[in-house]
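Take a look at the structure below.
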Amino acid sequence: MPLCRSEDIPTVYEELIRAKRVGYSFVDDILDVVEIVLLSDEEFRDFRNLLESVNNLHEGECQLIVLCKSRGGILLTNDAPVKRHCDRNNINYLDLEEILRSLKRRNVLQHNELKKLILDIEKKDRTIIRSKEDILGN
């Protein structure tokens, strides 16, 4: 089952290019390893229908949802409206907290590395990981 990431779709690719133009150097690392996937004609019709019918989803999110649904992928998102849409429409997704829990459960990161990652995410993304104590606990 493929993982559908925002980097896999043209709209987000365009957003990355805009970020690169204003000086964000991390974009080059992403562009080096990302495959751009185009929507089929049917997927594009579904995308347009979704974009026109749901007010709280952006273009890139709509493309990603359609791509994952059509190709049986797992959506990676931390956006509440996207998660609600996925829940209502039986689209598989993982959010940031699930990914962090998996990193711990599979021993991919040591406790101090996971703690640093969480603190970095909160600082750099200006977000709060509500279950960080639960994730970091034993």
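The values are calculated or read from the model by the stated rules, or taken from the named source; none is laboratory data. Everything numeric here is computed off the predicted structure, so don't read it as measured data. For neighbour counting, all protein chains shown are included, and Cβ atoms are generated from backbone atoms with ideal geometry for every residue, glycine included.
Go through segment 63-73 and give me each residue that's of a type outside the set (S, T, Y) and surrounded by fewer than 16 Cβ atoms within 10 Å (Cβ to Cβ).
Residues of segment 63-73 of a type outside the set (S, T, Y): 63-69, 71-73.
Passing the criteria: R71, G72.
Only one of these conditions is not met by V54: (1) within 30 Å of L39 (Cα to Cα); (2) under 15 Å from the mean Cα position of the chain (by Cα). Which number is it?
With (1) within 30 Å of L39 (Cα to Cα); (2) under 15 Å from the mean Cα position of the chain (by Cα) applied to V54, the lone miss is (2).
Looking for whichever is touching a helix residue (DSSP H, G or I) at 6+ places or on another chain (Cβ under 9 Å) and more than 25 Å from D125 (Cα to Cα) here; the options are R101, R88, R48. Which one fits?
After applying the criteria, what remains is R48.
Is there a residue in segment 104-112 that is in the same structural domain as E43 (by TED's automatic domain parsing), out of contact with any His (no Cβ under 8 Å at 6 or more places or on another chain) and part of a helix (DSSP H, G or I)?
No - not one qualifying residue is present in segment 104-112.
Got at least one residue in segment 33-45 being in the same structural domain as K20 (by TED's automatic domain parsing), surrounded by 12 or more Cβ atoms within 10 Å (Cβ to Cβ) and under 17 Å from the mean Cα position of the chain (by Cα)?
Yes, some residue in segment 33-45 is in the same structural domain as K20 (by TED's automatic domain parsing), surrounded by 12 or more Cβ atoms within 10 Å (Cβ to Cβ) and under 17 Å from the mean Cα position of the chain (by Cα).
Taking V27, is it without any contact (Cβ under 8 Å) to a residue 24 or more places away in the chain, closer than 18 Å to E14 by Cα and surrounded by fewer than 16 Cβ atoms within 10 Å (Cβ to Cβ)?
no
In segment 86-96, is there at least one residue being more than 30 Å from E133 (Cα to Cα), at pLDDT 85 or above and not assigned by TED's automatic domain parsing to the domain that holds I129? So that I can check it myself, show each step before the final result.
Let us first name the residues in segment 86-96 that are more than 30 Å from E133 (Cα to Cα), namely 89.
So of that shortlist, the ones also at pLDDT 85 or above come out as 89.
If we keep only those that are not assigned by TED's automatic domain parsing to the domain that holds I129 too, we end up with 89.
So far as segment 86-96 goes, yes, one or more of its residues are more than 30 Å from E133 (Cα to Cα), at pLDDT 85 or above and not assigned by TED's automatic domain parsing to the domain that holds I129.
Go over the candidates R88, R130, R105 one by one and state the one that is more than 16 Å from the chain's Cα centre (by Cα) and in contact (Cβ under 8 Å) with a residue 24 or more places away in the chain. Steps first, please.
Numbers: R88 fails: in contact (Cβ under 8 Å) with a residue 24 or more places away in the chain; R105 fails: in contact (Cβ under 8 Å) with a residue 24 or more places away in the chain.
None of the other options fit; the residue is R130.
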